[in-house]
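Trainee: Below you'll find the structure I mean.
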């Protein structure tokens, strides 16, 4: 049995936290045989992690110590798969890596080079574990958690129950991805995603790693090369457009689990801010179809997917001015449909007791509103009408109130279709067959 998204909760359970290895150490040698080797680099590793000694990629001892530190993170994920599972320990290994990155960040700029070298070694060693696990069923949990480690590199972390600020996330994450590490991480994820042996559990975290990577501000040179970005977007589009027709007897949690996976692919398209991804591929059209709940999408998208797609469409405001063939008013029409559904469901639930609240409505409203700010510079009367109509609903929800205008927005959209009849001028088939409002 393959591990799908419905089994992701198991990825946080099981196993024994052990110690890693030096470059000469093999996975097969195990933790006990390696513990003595690990001691040899302990003092140097401590100095490198604190920035007391600047990391030197030309120093053999430094290279060995950094490689040892990377194996210390990755190899236990394999060893637990051949030992006795203990609940919670695999997740401990992943979060311990997050703490090590936080420690390195604390001692910057003295640890900047160490951060870059360490990150690349961790990517290599984690990939080694994934390859070693292969498609062996008893090792799938360890393999999926290895993908979680890749996600930790680019994710926006929580602190005391809240996401760190965007500025803090960027400041912490960019140093890990310099000197080609962003491209290296992207290609590692792409290679794994194209491996027929991986499961939906792997894909879920690989997609999350890529969406976080693409959400970082544009850099010069770019973190991910244009050709690599196109490959990522094409793969994400394929996932979103894939038709999965579940039998009627399929348990609801399996269907919703699949939608959770698909949402991560949508998040990639939303983060990239790209209208086109090659000569024929159009991420913007896929986002429009999700936001509008196009009938071609099977299973039908739930509200969270539509919200993510709406955010992605709003972020295309700047790109629209550079792409004359792209018709932003048609995209805005689909965005408004998603916001109307969001407003309708939010109005019915936002004032419920916290335990009965189905979504973080205020946060979602703020995210959509922030993305829609990027449309204010679009010189199109219809787009600006959409911004005003949607803002009236979003403001109420963000304030914790049930917006009386929620149903009115859907009525307005119905009575005021976009002047353009397709998303792209040159392609009259680039349309959305909106199916009405999708259930959560």
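The values are calculated or read from the model by the stated rules, or taken from the named source; none is laboratory data. Quantities reported herein were computed from a predicted structural model and do not represent experimental measurements. Using ideal geometry, Cβ is built from the backbone for each residue, glycine included, and neighbour counts are taken over all protein chains shown.
Trainee: Answer yes or no: is there a residue in region 165-182 that is under 19 Å from residue 260 (Cβ atoms), modelled with pLDDT of 95 or more and either under 14 Å from the mean Cα position of the chain (by Cα) or in a helix (DSSP H, G or I) (or both).
Mentor: Scanning region 165-182, I find no residue that is under 19 Å from residue 260 (Cβ atoms), modelled with pLDDT of 95 or more and either under 14 Å from the mean Cα position of the chain (by Cα) or in a helix (DSSP H, G or I) (or both), so the answer is no.
Trainee: If you check residue 106 against the conditions, is it modelled with pLDDT of 70 or more, under 22 Å from the mean Cα position of the chain (by Cα) and surrounded by fewer than 16 Cβ atoms within 10 Å (Cβ to Cβ)?
Mentor: So residue 106 does not fit the description; no.
Trainee: Counting only residues that are over 25 Å from the mean Cα position of the chain (by Cα), surrounded by fewer than 21 Cβ atoms within 10 Å (Cβ to Cβ) and touching a residue at least 60 places away in the same chain (Cβ under 8 Å), how many does region 296-333 have?
Mentor: Going through region 296-333 one residue at a time, the tally reaches 3.
Trainee: Right, next: Among the residues that make up region 416-423, is at least one of them assigned to a helix (DSSP H, G or I), in contact with a helix residue (DSSP H, G or I) (Cβ under 8 Å, 6 or more places away or on another chain) and surrounded by fewer than 17 Cβ atoms within 10 Å (Cβ to Cβ)?
Mentor: No, there is no match, as no residue in region 416-423 is assigned to a helix (DSSP H, G or I), in contact with a helix residue (DSSP H, G or I) (Cβ under 8 Å, 6 or more places away or on another chain) and surrounded by fewer than 17 Cβ atoms within 10 Å (Cβ to Cβ).
Trainee: Sticking with this one: Looking only at region 126-140, count how many residues are touching a residue at least 60 places away in the same chain (Cβ under 8 Å) and either surrounded by 24 or more Cβ atoms within 10 Å (Cβ to Cβ) or in a loop (DSSP other than H, G, I, E, B) (or both).
Mentor: Summing the residues that are touching a residue at least 60 places away in the same chain (Cβ under 8 Å) and either surrounded by 24 or more Cβ atoms within 10 Å (Cβ to Cβ) or in a loop (DSSP other than H, G, I, E, B) (or both) in region 126-140 gives 5.
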